[in-house]
1. Quick one: is Ala155 more than 23 Å from Ser103 (Cα to Cα), surrounded by fewer than 16 Cβ atoms within 10 Å (Cβ to Cβ) and touching a Ser or Thr at 6+ places or on another chain (Cβ under 8 Å)?
2. Can you tell me how many residues within segment 143-152 are farther than 21 Å from Ser217 by Cβ and either exposed (fewer than 11 other Cβ atoms within 10 Å of the Cβ) or under 17 Å from the mean Cα position of the chain (by Cα) (or both)?
3. Spot the failing condition for Leu140; the list is (1) modelled with pLDDT of 90 or more; (2) surrounded by 13 or more Cβ atoms within 10 Å (Cβ to Cβ); (3) more than 29 Å from Val39 (Cα to Cα), and only one is missed.
4. Name the residues in segment 100-137 that are of a type in the set (A, V, I, L, M, F, W, C), crowded, with 17+ Cβ neighbours inside 10 Å and closer than 24 Å to Ser12 by Cβ, would you?
5. Determine which member of the set Phe149, Phe131 is of a type outside the set (Lys, Arg), under 29 Å from Met104 (Cβ atoms), part of a helix (DSSP H, G or I) and touching a residue at least 40 places away in the same chain (Cβ under 8 Å).
6. Working carefully through the options Leu248, Leu225, find the one that is of a type outside the set (Phe, Trp, Tyr), over 21 Å from Val100 (Cα atoms) and more than 18 Å from the chain's Cα centre (by Cα).
7. Taking segment 186-196 as the search range and keeping residues that are aliphatic (A, V, I, L, M) and in contact with a helix residue (DSSP H, G or I) (Cβ under 6 Å, 6 or more places away or on another chain), which one is farthest from Asn113 (Cα to Cα)?
8. Check Leu180, Leu162, Leu225, Leu186 and return the single one that is free of Cβ contacts under 8 Å to residues at least 40 places away in the same chain, in contact with a Phe, Trp or Tyr (Cβ under 6 Å, 6 or more places away or on another chain) and not small (Gly, Ala, Ser).
Amino acid sequence: MTFSDSAKEGFSVINHRWHLVLLRVAASILNLAAFFIIVGIPLFIAIMVAGIELAAANAGQFLESLKEAFMSGYVWVAALVLASIFIYAIFAAFIWMYVVAGSMGIIARTLENRKETFRLKLFFLEAKKHFTPLANFYMLLGVFTLAAFIVLGVAVGGAVYLSDALKQASSFLGLMLEVLLNMFILLAGLLAVYGSLTLGAYGASIVVMDGERAWPSIRKAARFLSDHPKGFWGYSALLTAYGMAMFLLFVIGYPFKLIPIIGIVIILPYQIASYALGRYMGLSLLGSAFSYYFRNTRTHIPAEAPRQEQAPGGPAPTAPEEPQGPPQTPPQETA
């Protein structure tokens, strides 16, 4: 099965399970409400008690305000704000992982049986079943991705040092090395990003469909992509299209923010619609990877009519012959 066919099936699965898009939107609304409760209330208390200007223009001023509160003796205020942010991060990660686990389980079930009806209870069962394995998988994948970027950063630092040394000896060699260095950084960065995202999608499909653990899933996904390189290039192409579509939605909606009053009325439903569309495309992208792995690792043998077994190497059985009696002689005529 080609990846283009899998992409079509991935969008078809999400069209059939459009309930997953609504659940993703509902989870985002829940996280937003939790932010105002878990983080907003401590921030309001900090503003009222310590007089901190937490409504700063950027994150740097926000952190500077916390530092000033800490130095002024309001240690508990800074600790309260930081603790609330930490608790919210854990809560948001839990909600995200729970919804992702349930969505992946429903996508896998739909690929196996399209006629099965969607039930919210089934979504919760799939989420509970795959939550811990997927969480372990993504944590291990995150460690490998972080290690890859650290190695890349060390390599870039060494190349920059070598480039500066060559510039002092020869400006031409230094310029050529700088150009090659920029190309290397770009290609290595793209390979790291696309590689981690692709490995994450196919590894998650292995966790959900095959029931593998974190490390075996990563190895199995790497081996699968090595045997099916079109799965990597096809998924990377869809990732690029997804990123371009999200950027286009942002560009289209940005001018509405510049309109004083009417812009706020227009931008709110537009952002909700664009967010839902983004979740739909993201789930379809994930369904494409699941479909490609599923169709290239499962073999469907058509049912055949039962047939009689015969001994190996022997002649085909024949119908039993009727026992033959003594030869019959025609009756003689009497005179």
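The values are calculated or read from the model by the stated rules, or taken from the named source; none is laboratory data. All figures in this text were calculated on a predicted structure; none of them were measured in a lab. Virtual Cβ from ideal backbone geometry, glycine too; neighbours counted across all protein chains shown.
1. So Ala155 does not fit the description; no.
2. The number of residues fulfilling the criteria is 1.
3. So the condition that Leu140 fails would be (3).
4. Matches in segment 100-137: Val100, Ala101, Met104, Ile106, Ile107, Ala108, Leu111, Phe123, Ala127, Leu134.
5. Phe149
6. Answer to the selection: Leu248.
7. Ala188
8. Selected residue: Leu225, the only one of Leu180, Leu162, Leu225, Leu186 that is free of Cβ contacts under 8 Å to residues at least 40 places away in the same chain, in contact with a Phe, Trp or Tyr (Cβ under 6 Å, 6 or more places away or on another chain) and not small (Gly, Ala, Ser).
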